[in-house]
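Every number here is computed from the coordinates shown, using simple stated rules; none is lab data. For clarity, every value in this text was computed on a predicted model and none was experimentally measured. Reconstructed Cβ throughout: ideal geometry from the backbone, glycine too, with neighbour counts over all protein chains shown.
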Amino acid sequence: MRNLSYFKVGLFVIAGSVIAIIGVLVLGVGSVFQKNTVIETYIDESVQGLDVGSAVKFRGVPIGKVEKISLTSAEYVTRKRYVLVRVGVAPTMLQFPLAESHQAGFKQEVERGLRLRLAAQGLTGVAYIEADYADPQRNPPLEIDWQPSYPYVPSTRSRITQLSESVERILRSLEHVDIGRLVDSMEKSLGTVTKVFENMKFDNLSGEAVALLSEIRDTNRQLKELVGGNELKAAINDAAAAAKGARAIIGGAEKPLKQLFAELPQASESLARVVKRLDAMSGDLPETSAQLRQTLRRLNRILTSQQQEIQSTMENIRSITQNVKDLTEDSKRFPSQAIFGAPPPPSGAVSK
């Protein structure tokens, strides 16, 4: 009975081990048998915190692991002391080939700005390799005097190194600043500003401002009194009454003037006919009436010469009538202009 229990336990252990081995093979067969492509880079800074097996990420996505960390002088014949880092990258993770048979495409990506750099993972000091694209003009490859054994991806400085170099440049710039002279200049400036404020008479300025406001109030009050006063209203009423009277006068004189203008041509024609008849009658008179005939001719010449002047006088009367009409319309539309006149011309002064 006890042997049967041992048999069941052993059978259970064996079955569990087989299932575990099959699961590992099924789930990890891709990563176990997958062959990574090795690429290398050279870093001209400390790689503290980076170890073999550290992750390699492309914009935060794991694509491989660090396989070797060494110095370039240990791998190649050179006097440059760069840190050599070789990483294994899964070829299916990137959209461009990494094999040696596709060097043209790989070099094209490097020319576009593909770079590797050291990145810190949190505050623990652990580092990893980050792959990303950067400006190739601002991140040129390091100078090398050997032929890389694996596809070469240039590196760029890490964020921490760039920050420390920027701070160092700022500190070096501050070393050349004459702090004592700067402080003296600031003190002199503050002293000058203090003297200016002390010399300014704020009491006088405030008094002048109050006086100016008082004058503005008085002017505003006088304008209100002038606009709302009875004198202005009476003047406007008088102007309206005058305009009405002038309109009535013009209306009364318009009809006789029109009638006079209409009858003037007829009168001149009648006068011309009378003159002609007088001329005819004077031909039949005896010689003793020669003086009368001469007098009539003179009268005819005078009337003929004055006809243009009569017409000019009529035109003047028409112009006067039109001017009176315009004056009446302007007084009706702009009574204040008829009383106070047109506004003064601009002075031309520029306000500052």
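With a simple spin-label model that places each label point 7 Å from the Cα along the Cα-to-Cβ direction, the separation between ASN237 and ILE249 comes to 2.2 nm. Stokes-Einstein diffusion for the range 34-157, with the hydrodynamic radius set to the Kirkwood value over Cα pairs and evaluated at 4 °C in a medium of 1.567 mPa s, equals 88 µm²/s. Ordering PRO151, THR92, SER70 by the projection of their Cα atoms onto the charge dipole of the range 34-157, which places +1 on the Cβ of Lys and Arg and -1 on the Cβ of Asp and Glu, puts THR92 at the extreme positive end. Taking all Cα pairs closer than 8 Å and separated by 6 or more residues, the relative contact order of the range 34-157 comes to 33 percent. For PHE58, nonlocal amide neighbours, meaning residues 5 or more places apart or on other chains whose placed amide H falls under 5 Å from its own, are ILE63, ALA131.
Using the Cβ-Cβ distance between LEU327 and LYS224 with R0 set to 25 Å, the FRET efficiency from 1/(1 + (r/R0)^6) comes to roughly 0.20. Listed by chain and number, the aspartates and glutamates placed with their C-alpha closer than 18 angstrom to that of LYS68 are GLU40, ASP44, GLU45, ASP51, GLU130; residues fewer than eight positions away on the same chain are left out. One chain, two ends: GLN48 and VAL13. Fully extended at 0.36 nm per residue, the span grows by 8.1 nm beyond their Cα-Cα distance. For the residue pairs LYS224/LYS244; LYS35/LYS107; LYS35/LYS80, the alpha carbons lie more than 24 Å apart in LYS224/LYS244; LYS35/LYS80. Per-residue Karplus couplings for the range 133-146, computed as 6.51 cos²θ - 1.76 cosθ + 1.60 with θ equal to phi - 60°, are listed in order as 9, 9, 5, x, 6, 8, 10, x, x, 5, 6, 10, 10, 9 Hz, Gly and Pro entered as x.
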